[in-house]
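I have placed the structure first, in the form of structure tokens, so that the comments after it can refer back to it.
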Amino acid sequence: MIPRKGPLCALWLAALLISAGVAGRSPPPEPEEYLDERTGATVDLVDAPLVFARDRSERAANLRDYVTLSAASVNRGGKLEYVLVAYVWSTLDPRYAPASALADSILLIADDRRIRLDAAGKSPTDLGIARPVHAPAGQDIKPLVFPTDLATLRFIAAARTLAVQTQLGEDSVTYDLWDDQRRALDRYVRFMDGER
């Protein structure tokens, strides 16, 4: 029997909404903000990285090389810098991993724009980030840090298509978007714009 009036109706409706998953939904995660104790910088991080992949099934089934990109900002004494922290990693045997695929730069293709990202030899710690930023689990990889700006991050978050290219010797290697976290990047950009 479905109650038609009164407090029983309200309780029944609340129970129905909860069981349907409408009530009690948790809001999307927010960017993380913390004080880096080693560098003294305030760091804001996107809650999930963009992950790009290229198939390596010529070696074995379901093997891939990856590029992970995470947006972050570093505030040291009021000077704010935006960066993309990158990891290039693989599920392949280390002998075939793309360790040399990434020198100090990558090309991020966002819609019709080609955005060249150059690390200039800086590490995350050099820029104020001492702890790992969305480092791939079980991988011992040196991160690269690419300076950027909020307008570029906003463009990337709104782009319809994304890919990454690296140089491997004379050849250009393309990584397609594999884990699409543009919504997380959009939340991060809005957070940094003051929409908290």
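General observations
- Inter-residue pairs, beta-carbon under 6 Å, first within 21 Å of Ala151 (Cα to Cα) and not assigned by TED's automatic domain parsing to the domain that holds Thr166 and in the range 103-125, second exposed (fewer than 13 other Cβ atoms within 10 Å of the Cβ) and at pLDDT below 90, 6+ apart: none
- Subset of the range 128-148 that is surrounded by fewer than 19 Cβ atoms within 10 Å (Cβ to Cβ) and under 18 Å from Val74 (Cβ atoms) - its residue that is farthest from the chain's Cα centre (by Cα): Ala130
- Of all residues in the range 149-174, those being at pLDDT 95 or above and assigned to a strand (DSSP E or B) number 3.
The values are calculated or read from the model by the stated rules, or taken from the named source; none is laboratory data. Treat the numbers as computed from the prediction; the structure is a model and nothing was measured. As a convention, Cβ positions derive from the backbone with ideal geometry for all residues, glycine included, and neighbour counts pool all protein chains shown.
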